[in-house]
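Please treat every number below as a calculation from the coordinates, not as lab data. Being a predicted model, the structure only gives us computed values, none of them experimental. Cβ placement follows ideal geometry from the backbone for every residue including glycine, while neighbour counts extend to all protein chains displayed.
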Amino acid sequence: MIKKSLILITIITGNIIGQMQAQNKILEVIVTSDVHGAIMPIDVISGGAVPSLAHISAYVNMERERHDREVLLFDNGDYLQGDPYVYYYDYIDRKDTHIGARAFNYMRYDAGCVGNHDFEAGHEVYDAFKKELDMPWLAANVIDKKTGKCYFAPYITFKRCGKKIAVLGLTTPGTPSWLPEKIISGLEFEDMVESARYWMEIIQEREKPDFIIGLFHAGTDYKFNEQTADTFKNENATLLVAQRVPGFDLIFAGHDHKGHDIKLTNDFGQEVIIAAPTSRSRDFCSIEIEFLSSGEQKITPHLYMSTSLAPDEKFIAKFKKDIVKVNAYFDESIGFFMDSIKASTGIFEDDPLTNMLHQVQLDVTGADISLLAPMSTTSVIKAGKQYRKDLFKLYRFDNSLYTMEFTGEEIRNILEFSYWQWFNMMSDSSDYLLRYKLKNGELSSRLFPETYTPTYNYESAEGIIYTVDATKPKGERIKIISMNDGTGFDLSKTYHVAVNSYRGTGGGSHLTIGADISPEDLHKRIISASDYDMKYYIEQWITEHSPISPNKSVNWTVIPEEYFKAGFKRESRLFMLH
């Protein structure tokens, strides 16, 4: 973490340090990743102070003024989704230059890598964004099907500290699994290891660089989602590339929001540094590469908290008109709630907020059944007037809405897969209710402990009445009693089911592993896809149905009831429900 006192010392002694190390050359590589639209220091939703690019801009400015180093500034993807500022320019105002491009250009970013969420607003947005940037947007493994060439720039080289620096960009090939086909039409996502091998050979032969950096929008856990090291197009292949492809000196990871500082020796006896920040501008990587006069190099990674500095006031002034315009749009009233709702109860049971979102999906699609997971675990919707900015409390993601066909058996298997990950197998009321990641039998934390799967994979159903037996093993937990209207549920019948685009394209593996539907077959199951994202339909529904009394009806329960009650009373405290 950066200390303010240390920052002052750095500024004062910058020239002295430069003179002492004149014989060596220092390159500082600063990297942001998974910013998710966290550009401004004031949150549109809460009005509170938040980490932002404005904070990071202050650090970048300071480092560029130092005489003992040269600086490269990179972003590692997932920038165009997650915050009202980017949402506004993604969907509401597509005529003006995107605020995200203007922020990157103001900070003089040298290069960026495309993330999976950067595709979500569609070709119109990311194609225009690419042209608006004063830097290359990299993704060597995204191929234009028509030309067979890279759709984005594959790599770029820089001359810094008298050295030639090459930067190769790769993005997660899991992207087609999470997005509607029309959003990424004409694009092919290649395996990261194969693409890295191909381009490494070209870079070394054509460019003959002194130092090679990987800018990879992919995580490090290649076993995630039941994948293996040999899974083709592995979603999180950063470590696999580092281990199996010779030539990289430094690799930046992203996508998983975990933050990394890893040193490994690859299969060729070469030392590789892997680093990553977390997300939403909370922190950033600063890697000091000292090119020694002996010809060797010393790499020192740092992870700095962005709020250790005051935000760049010139940055804020530059975007003052955007701040006023975006806040005015999201401050408009859209409806009225009669009661308050806590999103966190949806972690444990059938809750009013998830019920309302289920109802939106059913009303928009006319489907028989809705599948949905909690979109938030911390938000509270207070009774009274609701504003457009409150939609981000209800639904943070930019998912569209699908109507798909599944058999009753497939629906049951989807729920079996979900609730097996969701609830622990209990032998008595003293066992954990939720399924947690344990270390030596203990929770990872006594406050918001890490669950076996992210809570956005806690898929429940509306339109049917069912129970979840927490004492039963995987595959034997779900008993579907009937449809909501009391008519029978038929395992052999085909039903129309409303799901969001993340789930409908295989996100979380509920459909591919749970229901054993191949990724190719998933697209054939889509009857229709919405033209707008879910927040648009939620807004329309709230406006139409106001004033709203949240639906507290229960269509699924966890049994045995005494086990559930004991577990809920004990564990809800961990999620601050009391």
> For the pair GLU561 and PHE268, what calculated FRET efficiency results from E = 1/(1 + (r/R0)^6), where r is the Cβ-Cβ distance and R0 = 51 Å, to the nearest 0.05?
Replying inline: 0.30
> From a point 7 Å beyond the Cα of LYS569 in the direction of its Cβ, which residues of the range 413-441 have a backbone N at a distance under 18 Å?
Replying inline: 427-434
> Given 0.36 nm per residue, what is the gain on full extension from ARG64 to ASP485 after removing their alpha carbon distance, in nm?
Replying inline: 144.9 nm
>> Rounded, prolate or oblate for the range 333-575? Axes are the square roots of the Cα gyration tensor eigenvalues, ordered a ≥ b ≥ c, and the cut-off for rounded is a/c under 1.5.
In response: oblate
> Taking the alpha-carbon centroid of each part, what is the distance from the range 381-410 to the range 290-335 in angstrom?
Replying inline: 29 Å
>> Suppose a student asked you for the relative contact order of the chain, using Cα pairs under 8 Å spaced at least 6 residues apart; what percent would you report?
In response: 14 percent
> Going down the list LYS318/LYS382; LYS130/LYS314; LYS159/LYS320, which pairs span over 29 Å between their C-alpha atoms?
Replying inline: LYS318/LYS382; LYS159/LYS320
>> Based on alpha-carbon atoms only, what is the radius of gyration of the range 482-578 relative to the globular estimate 2.2 N^0.38 Å?
In response: 1.46
>> Which of CYS113, CYS285, CYS150 has the fewest other C-beta atoms within 10 Å, and how do the rest follow up to the most?
In response: CYS150, CYS285, CYS113
>> Run the paramagnetic zone check for ARG94: 7 angstrom along Cα to Cβ, then residues of the range 108-142 with backbone nitrogen under 20 Å.
In response: 115-133
> Which of THR354, GLY47, PRO173 sits closest to the plus end of the dipole of the chain, meaning its Cα is farthest towards the positive end, when Lys and Arg get +1 and Asp and Glu get -1 on the C-beta?
Replying inline: GLY47
> How high is the FRET efficiency from VAL554 to ILE42, r the C-beta distance, R0 45 Å, rounded to 0.05?
Replying inline: 0.70
> Which of the aspartates and glutamates could be linked to LYS393 by a straight reach, that is with a Cα gap under 13 Å, when you skip same-chain ones fewer than 8 residues away?
Replying inline: ASP43, ASP83, GLU539
>> Report the gain in length on full extension from ASP521 to LYS145: 0.36 nm times residue separation, minus Cα-Cα distance, nm rounded to one decimal.
In response: 133.3 nm
> Listing THR265, THR453 from the residue with the fewest other Cβ atoms within 10 Å to the one with the most, what is the order?
Replying inline: THR265, THR453
> So how do HIS55, HIS217 line up by other beta-carbon neighbours within 10 Å, fewest first?
Replying inline: HIS55, HIS217
> Going toward the positive end of the dipole of the chain, with +1 on Lys and Arg Cβ and -1 on Asp and Glu Cβ, which of ALA229, ILE527, GLY504 do you reach last?
Replying inline: ALA229
>> Can you compute the label reach from THR467? Point 7 Å from Cα along the Cβ direction, backbone N cut-off under 20 Å, restricted to the range 397-424.
In response: 412-424
> Rounded to the nearest 20 Debye, what is the dipole magnitude of the range 474-578 about its Cα centre when Lys and Arg each give +1 and Asp and Glu each give -1 at the C-beta?
Replying inline: 460 debye
> Can you give the extra length, in nm with one decimal, that the chain gains between PHE336 and PHE224 once fully stretched, where that is 0.36 nm per residue apart less the Cα-Cα distance?
Replying inline: 36.2 nm
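Mind giving me the FRET efficiency for ASP363 and LYS258? R0 is 51 Å, r the Cβ-Cβ distance, nearest 0.05 is fine.
That pair, ASP363 with LYS258, gives E of 0.85.
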> How large is the dipole of the chain about the Cα centre if only Lys and Arg carry +1 and Asp and Glu carry -1, each at its Cβ, rounded to the nearest 20 debye?
Replying inline: 1500 debye
> Rounded to the nearest 20 Debye, what is the dipole magnitude of the range 333-575 about its Cα centre when Lys and Arg each give +1 and Asp and Glu each give -1 at the C-beta?
Replying inline: 940 debye
